[in-house]
Every structure is written in C-alpha cells, then in structure tokens.
Amino acid sequence: MAGLGIEKMDSDEGMKIHHAELTPSTIHHEHKRSDSSGGTPTRASPPYGEHGALIRRVSTDGSPAYAEHGPTIDRSQTADLKKASNAGLRWPRIRRMFREPFSEFMGTFILIMFGDGVVAQVVLSNGLKGDYQSILDHGDGASASVMLGVYASGISGAHINPAVTFANCLFRKFPWKKFPIYASAQILGAFCASGVVYANYKSAIDTFEGGAGIRTVPGYSPNASAGIFCTYPAAFMTKTVSIQGGHARTSELTVWHGQFFSEFIASTLLMFMIYALKDDGNIGAGPLTPLGLFFIIFGIGACFGWETGYAINLARDFGPRLMSYFLGYGHNVWAAGNYYFWVPMIAPFFGCSFGGFLYDVLLFTGESPINTPYFGLYRIIPGMRHAYDGVSFKLEDLKEESPV
C-alpha cells in the first residue's frame with residue numbers, strides 16, 4: 001500500500017526488524033491495535049518473518065499501520081507459534097506446503113457436512129425433525145456450520161467462500177496468487193462433503209422420492225430432494241409475469257434480476273459485517289469472530305433466506321450442485337429456476353465486493369486501497385503504479401491556503 005514501509009531494527013539499509021519472543025499469552029494480552037493516525041504502537045496480530053521474527057509494519061512517517069489479521073482475513077494468530085513435530089519427515093513437509101489449501105478444504109467440508117446435513121434431516125423427515133428456522137434446525141444448523149467451518153480452518157484465514165477470498169484480495173492485501181488455490185480447495189471440499197451427506201441419507205432419499213433411483217429437482221416434483229445439496233429459488237422467483245399488449249409474458253431478464261438482487265443483498269450484508277467483526281477500530285469481535293458469524297448467517301437466513309436460499313457462496317452451491325448432477329439428478333439441476341444455477345456463482349462476488357467497499361468507504365480507517373489516493377485506482381494506470389509510494393497524507397500536514 002502506498003505510504004507503507006517495513007521497519008527492520010537490524011542494521012539492514014532502509015529496513016528495521018524488531019525481534020521479540022512471542023507466546024500465545026503475549027498475543028492474547030496485546031490484542032488491541034492502534035489507529036494509523038497515531039497513538040502508541042501495539043503488537044496485535046503481527047505478521048512474521050522467515051525465521052519467526054516479528055515484522056512491524058509502519059507508515060513512512062513512523063506511525064503504526066492499522067492492518068487486519070486473523071480468521072476471515074488471513075492466518076490465525078497462533079498458526080506459526082508452535083514448532084511442528086518431526087518436521088523433516090516426508091508427510092510433514094508435504095503438509096507444510098499444502099497446509100492452507102488443506103485448511104480451506106476442511107473448513108468448507110465441515111460447512112457442507114453440517115449445512116447440508118441439517119437440510120437433509122428437515123426435508124426427508126417432512127418437517128418432523130424440525131422446520132425452517134426452528135431451534136437446532138435449518139437456521140441454527142446452517143449458522144453453526146459456518147461457525148464450525150471457521151474454527152476448523154483458522155490456519156488459512158477461514159475464508160471458506162471464494163467471494164470472501166476475492167474481497168480480501170481487493171481490500172485487505174490478500175495475495176492474488178492464492179485466490180485460485182483457495183477457491184479450488186473450497187469448491188472441492190464442498191463437492192466431497194455433499195457426497196458424504198448423500199451416502200449417509202441415501203436410504204431416506206429413496207423412501208422420500210418414492211423409490212430407488214428416482215431423483216428429482218425442486219419445481220419438477222413435489223418430493224424433490226435435490227434441494228438438500230444446493231439452493232433453488234422459490235416458485236415466485238422463477239416466473240415473473242408482465243402484461244404487454246393485453247398478453248401475459250414471462251420476462252426471464254426480470255426473473256434473473258430478482259434472483260440476482262436477493263443474493264447480492266445477502267452477500268453485501270455478509271461482507272460488510274465480516275469487516276465490522278474484524279475491525280478493532282469499531283467494537284470488533286476478536287476471538288469471538290466465529291460466534292459473530294453464527295449470528296450474521298442466522299440473521300441473513302431469517303431475513304433474506306426465503307427467496308433463493310441464501311447461498312452467498314460459490315463453493316457452497318456449485319460444489320454440491322455438481323455432485324448432485326453426477327449422482328443422477330440430471331440436467332434439471334442446471335435448468336431449474338430458468339437456469340438459476342449461475343446466480344449463486346456470480347452474485348456473491350459482486351455482493352461481497354460491494355459490501356467490503358461500503359465498509360471501507362464509510363467506516364474503515366486502516367490499510368485499504370480506499371484510504372489511498374483515488375481509492376487506489378491509480379495503481380491500474382500504466383506509469384502511475386508507484387506514483388504515491390512514500391508520500392504522507394497526515395492530517396496535520398494539510399495547511400489551509402491563506403487568503404489573497
């Protein structure tokens with residue numbers, strides 16, 4: 001980010017590294033961080049050097065930087081504190097190389113195991129084992145699946161959603177080169193987990209559908225079970241009728257507009273609230289971030305889940321949808337809802353990006369492209385990428401023009 005450097009307290013030219021012994025208790029007691037405009041520097045969630053040394057980011061004028069770290073942004077605070085056991089063995093070396101993709105895979109796997117599992121229990125029992133938003137049922141189950149997925153994947157930052165990874169690349173300096181790796185791991189984790197859920201409930205699905213080998217999709221059968229695995233829009237979202245010239249016509253563009261807008265709103269709320277939870281300059285949730293996410297997902301589901309099922313996650317929807325296609329649900333998994341399938345793949349990226357943009361524009365005062373000249377857009381202009389590097393924009397440096 002323009003105006004930021006790395007201070008190294010060794011004798012390296014132009015750089016300083018401050019070495020300090022870190023323990024989990026050190027990080028726990030020094031959770032608060034200071035604003036970039038000044039104040040006493042604190043060591044909250046610091047990044048680490050190659051040899052375990054603490055690297056403290058500072059602005060070029062010496063004031064401490066204000067950067068977010070931890071679950072939903074990047075690695076957990078304790079991820080690098082403990083030395084691996086027998087790290088020289090072959091598998092520990094392989095695991096070290098792929099630990100972050102493994103983490104995202106398992107986080108999304110847990111998300112789908114609990115998320116699809118609770119839907120299967122509700123649908124296949126005809127509501128006898130709970131109904132929508134009842135206690136320990138669809139609403140709480142989906143919320144718990146996100147919370148547990150975050151706890152399982154804190155090592156990698158617990159994104160478990162390609163749209164969240166994308167927003168972090170845009171606004172929190174998450175490396176773009178990791179985006180395809182994270183997204184692939186997330187989709188694969190959801191794909192595999194939905195297969196496990198299917199295997200567990202296969203007998204119940206046979207009974208519910210009316211026989212072995214019968215597999216149907218919502219909108220094509222009253223006993224459809226495909227909705228266990230991925231989202232399908234409500235019936236009124238799949239057919240919008242307009243009167244033109246005395247004749248009733250269905251407008252597919254209007255249909256897609258409504259579906260897209262529903263997912264866009266839910267995704268915008270998700271990303272805005274994630275950044276609110278992570279912002280210690282606001283109230284901040286700190287180590288309670290996973291619990292905060294529980295209530296965010298519960299609120300989104302309770303208020304905006306009816307129309308499209310609040311997928312708000314490409315991996316959560318596309319991975320299980322692909323699995324259901326391979327399991328015999330057929331072409332209708334793509335055709336249902338006037339080919340609704342693309343909406344939960346695309347809308348979350350727009351929604352999460354807009355949610356992150358709103359939070360940074362209106363509330364966030366830390367490291368973000370929004371808090372650089374021209375919202376950071378100058379970096380995409382050839383010849384201007386480093387135009388403002390090393391330039392300070394402190395408030396006290398601004399001088400009012402004297403009247404002529």
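Quick rundown of the values:
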read-out	value
Note, ³J(HN,Hα) from phi for the range 69-75, Karplus 6.51, -1.76, 1.60, rounded to Hz, x at Gly and Pro	9, x, x, 6, 10, 8, 5
Cβ crowding within 10 Å averaged over residues, with 322-334, 165-177 ranked highest first	165-177, 322-334
Pairwise FRET efficiency - Leu362 versus Ala234, Cβ, R0 = 45 Å, nearest 0.05	0.90
Relative contact order (%) - the range 91-371, alpha-carbon pairs under 8 angstrom, separation at least six	25
Phi-based couplings in Hz for the range 359-366 (Karplus 6.51, -1.76, 1.60; Gly and Pro marked x)	5, 5, 5, 8, 10, 7, 10, x
Relative packing of 216-222, 89-95, which averages over residues the other C-beta atoms within 10 Å, highest first	216-222, 89-95
Highest to lowest packing among 103-111, 273-281, 363-371, scored as the average C-beta count within 10 Å	103-111, 273-281, 363-371
In Hz, Karplus ³J(HN,Hα) per residue of the range 277-286 (6.51, -1.76, 1.60; θ = phi - 60°; x = Gly, Pro)	5, 8, 8, 6, x, 9, 6, x, 9, x
Extension gain (nm, one decimal) between Phe326 and Ile94, 0.36 nm per residue minus Cα-Cα	80.5 nm
Pairs from Lys83/Lys178; Lys178/Lys394; Lys82/Lys177 whose Cα-Cα separation, in the structure shown, is over 28 Å	Lys178/Lys394
Gained length - Ala87 relative to Ser221, 0.36 nm times residue gap less alpha-carbon distance	42.8 nm
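Read-outs: derived from the displayed coordinates by stated rules, not from any lab. It should be emphasised that the depicted structure is a prediction, and the values quoted were computed from it without experimental measurement. Glycine gets a Cβ as well: all are built from the backbone with ideal geometry, and neighbour counts include every protein chain shown.
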